[in-house]
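The values are calculated or read from the model by the stated rules, or taken from the named source; none is laboratory data. For clarity, every value in this text was computed on a predicted model and none was experimentally measured. We place every Cβ from the backbone using ideal geometry, glycine too, and count neighbours over all the protein chains shown. Surface areas here come from the heavy atoms of the whole protein model, side chains and all, with no ligands, DNA or RNA. Shrake-Rupley method; radii C 1.70, N 1.55, O 1.52, S 1.80 Å.
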Amino acid sequence: MPGDPLRAKYIAETFLEGAELVNEVRNMLGYTGEYKGRKVSVMGSGMGIPSASIYYKELITEYGVNKLIRVGSCGAISQDVKLRDIVIGMGACTDSKVNRMRFKNHDFAAIADYGLLENAVNTARCKNLPVKVGNLYSCDLFYSPEQDMFDVMERHGILGVEMEAAGLYGVCAEYGAKGLAICTTSDHIRRGEALSPEDRQLSFNEMIEIALDSVLL
């Protein structure tokens, strides 16, 4: 599940055989096809936890989906993360209140499904792709006014910033599904670096292959 529905279209046309459009309500494109002989669906989620959580929840409760993998971009915080590195979210901190709301205003440990996480790490290693595993930070505001928060994140070992992973992990925990977030490092917030459009597409393809192979294991 990428955020951008047009990226869902790209994944379906590039990686799936016999892909058919199965959803276009609100232009949130969804496709089902085959990948290495197994049926797989890909669908956009929109940007941010509120939008994505609707699709995560309804895919689980209305369509019986039991594995959800977010594929997207992140901005690096850690000095150990480089552009094009693939970051696999073992956990996801957040400034959103959604998980506190579902957890009676207590702290909820938003973590990935271990089986999917292990599959993704092993798949990446087999492909000799650089991956980092650790904490993501899911923010509600893309243009955050709290610039000093980046210092706090770096001090606490946050690898990258994105906008959906903590919501995915909360929804999956609440409704009994397995979730994982895999992100390509498209820019480095601390160093002011960014991928070119061409490098971004190549790196995203590597991330998508990891996600597709992981879900089949």
| Considering only Y169, I86, S96, whose Cα is most displaced toward the positive end of the charge dipole of the chain, charges sitting on Cβ of Lys, Arg (+1) and Asp, Glu (-1)? | Y169
| the stretch 1-108: trypsin sites (Lys or Arg not before Pro) falling in loop per DSSP and having at most 16 other Cβ within 10 Å | K36, K82, K97, K104
| message | Check which residues have an amide H placed less than 5 Å from H188's amide H, if you skip close sequence neighbours. | response | A76, E193, A194
| field | Backbone HN-Hα couplings from phi across the stretch 76-93 [Karplus 6.51/-1.76/1.60, Hz, Gly and Pro as x] | value | 5, 10, 5, 5, 7, 9, 10, 4, 6, 4, 9, 9, 9, x, 5, x, 8, 6
| GluC sites (Glu not before Pro) within the stretch 111-217: DSSP coil, no more than 15 neighbouring Cβ in 10 Å | E146
| task | Could you list, by residue number, the cysteines of the chain that have no other cysteine's beta carbon within less than 4.7 Å of their beta carbon? | result | C93, C126, C139, C172
| Projected onto the charge dipole of the stretch 104-185 (+1 at Lys/Arg Cβ, -1 at Asp/Glu Cβ, origin at the Cα centre), which of A181, N128, I158 gives the Cα projection farthest towards the positive end? | N128
| remark: For the chain, shape from the Cα gyration tensor axes a ≥ b ≥ c, cut at a/c of 1.5 then a/b versus b/c, turns out oblate
| note | Expected vector for the stretch 191-199, Karplus 3J(HN,Hα) from phi with 6.51, -1.76, 1.60 and θ = phi - 60°, integer Hz, x for Gly and Pro, equals 9, x, 9, 8, 6, 6, x, 5, 5
| Cα centroids of the stretch 110-150 and the stretch 1-67: how far apart, whole angstrom? | 20 Å
| field | 1.4 Å probe accessible area per residue over the chain, in Å² | value | 51 Å²
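Tell me, what is the percent relative contact order of the chain, built from C-alpha pairs under 8 Å that lie six or more residues apart? Walk me through the numbers before you get to the answer.
Numbers: 438 pairs, mean separation 59.1, N = 217.
With pairs under 8 Å counted, the relative contact order is 27 percent.
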| note | Magnitude of the Cβ-charge dipole (Lys and Arg +1, Asp and Glu -1) of the stretch 7-150 about the Cα centre, nearest 20 debye, reported as 240 debye
| task | First compute the accessible area of the chain with a 1.4 Å probe, then give the percent of it belonging to carbon and sulfur atoms. | result | 52 percent
